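Beneath this line is the structure, given in structure tokens, with notes to follow.
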Amino acid sequence: MTPLAPGSTLGILGGGQLGRVSQGQIVAPYDDLNALGVLGQTSQAVTFEFENVPATSVERLVRGGAVVAPGPKALAVAQDRVDEKTFLNGVGATTVDFAAVDSLDDLLNGIERLGLPALLKTRRDGYDGKGQVWVRSAAMAADAWHAIGERPAILEARADFTRELSVIAARGRDGAIAVYPLGENIHKGGVLKTTLAPAAVDAKTDKRARAIAKSVLEGLDYVGVLGVELFDLGDSRLLVNEIAPRVHNTGHWTQDGCVCDQFEQHIRAIAGWPLGPTTAHARVEMTNLLGDEVDQWTKLSSKDDARLHLYGKAEARPGRKMGHVNRVKPLI
């Protein structure tokens, strides 16, 4: 593909906080064939900002001749937690042990094999701690199965990790790969609260994380930015928790910590441009503003080291991501 010239039109499936800047909008269901046709015909390339966009919509765009990146394979893999973990293990990116669950009997068998406690998650559609429940005893199995709506699920063995890390990486149309420094993540109530970057990691851990990112990108023939969440077990041992085929919350620190942030990097990749530099020029503490924490915008915007990013959402519901603040420190 010839690199797209400045002024080209890029289409984005999804209109949430990761894709809120645009010159125009098409408001329609994801499976509206006419709307998909218009998007494909008016865009020189199409991407998505939300991994729960139906993979069939991406496939229809591709069949119609649109250039879409990342492709439907990455979306389909990331949308099903069993398929995702099967793929990851297949490319050498180790995960926790798991079992597919389609019935209460499957859940009981999975508990017997994996042990307790174990985490039960819906196979599809869950995010930010939604659609999942810890199973701490066999007696809880029926209630846990009911709690997730008795839907197809995955049971995951507990990971004995010391912290969660993440790596943001990109792959261009020419196969070039660029990897940002790792971030260390802190969650609150199942939702990401803070990312510290660059994370304090040894050379072996950094090398292993980069190798994992490379194997995932190449295994998916991926084009664009990808987020990979990792469990750090110590001694350079990493397990992949999940992947996100898009720009990622744990990469927001790059907006104020790198010359080329993850958003620009994604556009460079899908447009066929050379990938930008990923070296950090500052230490950043990225904090999500959840719910009414966004009301602190006046105080936060007065801090010399703070860079405030608001998403323009009208309603501040509890736990809802309303924005984030990057606190920038010298890189030492």
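The values are calculated or read from the model by the stated rules, or taken from the named source; none is laboratory data. Just so it is clear, the model here is predicted, and its values are computed rather than measured. We place every Cβ from the backbone using ideal geometry, glycine too, and count neighbours over all the protein chains shown.
When the stretch 273-303 is filtered for residues that are over 26 Å from Val259 (Cβ atoms) and either in contact (Cβ under 8 Å) with a residue 24 or more places away in the chain or outside the structural domain of Ala197 (by TED's automatic domain parsing) (or both), the ones remaining, listed by number, are Leu290, Gly291, Asp292, Glu293, Val294, Trp297. Of the residues in the stretch 283-298, not one is in a loop (DSSP other than H, G, I, E, B) and either surrounded by fewer than 20 Cβ atoms within 10 Å (Cβ to Cβ) or touching a Pro at 6+ places or on another chain (Cβ under 9 Å) (or both).
Of the set (1) out of contact with any strand residue (DSSP E or B) (no Cβ under 8 Å at 6 or more places or on another chain); (2) crowded, with 19+ Cβ neighbours inside 10 Å, all apply to Leu107 but (1).
Kindly indicate whether any position in the stretch 76-94 is modelled with pLDDT of 95 or more, surrounded by 19 or more Cβ atoms within 10 Å (Cβ to Cβ) and either farther than 30 Å from Val135 by Cα or over 25 Å from the mean Cα position of the chain (by Cα) (or both). No: zero hits. Checked against the criterion of being assigned to a loop (DSSP other than H, G, I, E, B) and either at pLDDT 95 or above or of a type outside the set (Asp, Glu) (or both), the candidates Arg20, Arg60 yield just one match: Arg20.
Against the numbered list (1) farther than 20 Å from Asn185 by Cβ; (2) of a type outside the set (Val, Ile, Thr); (3) touching an Asp or Glu at 6+ places or on another chain (Cβ under 9 Å), Trp273 comes up short only at (3). Any residue at all in the stretch 88-110 that's in a helix (DSSP H, G or I), touching a residue at least 60 places away in the same chain (Cβ under 8 Å) and not assigned by TED's automatic domain parsing to the domain that holds Val240? Yes, that holds for at least one residue. Looking across the stretch 188-201 at every residue that is under 15 Å from the mean Cα position of the chain (by Cα) and modelled with pLDDT under 95, the one that is nearest to His324 (Cα to Cα) is identified as Val191.
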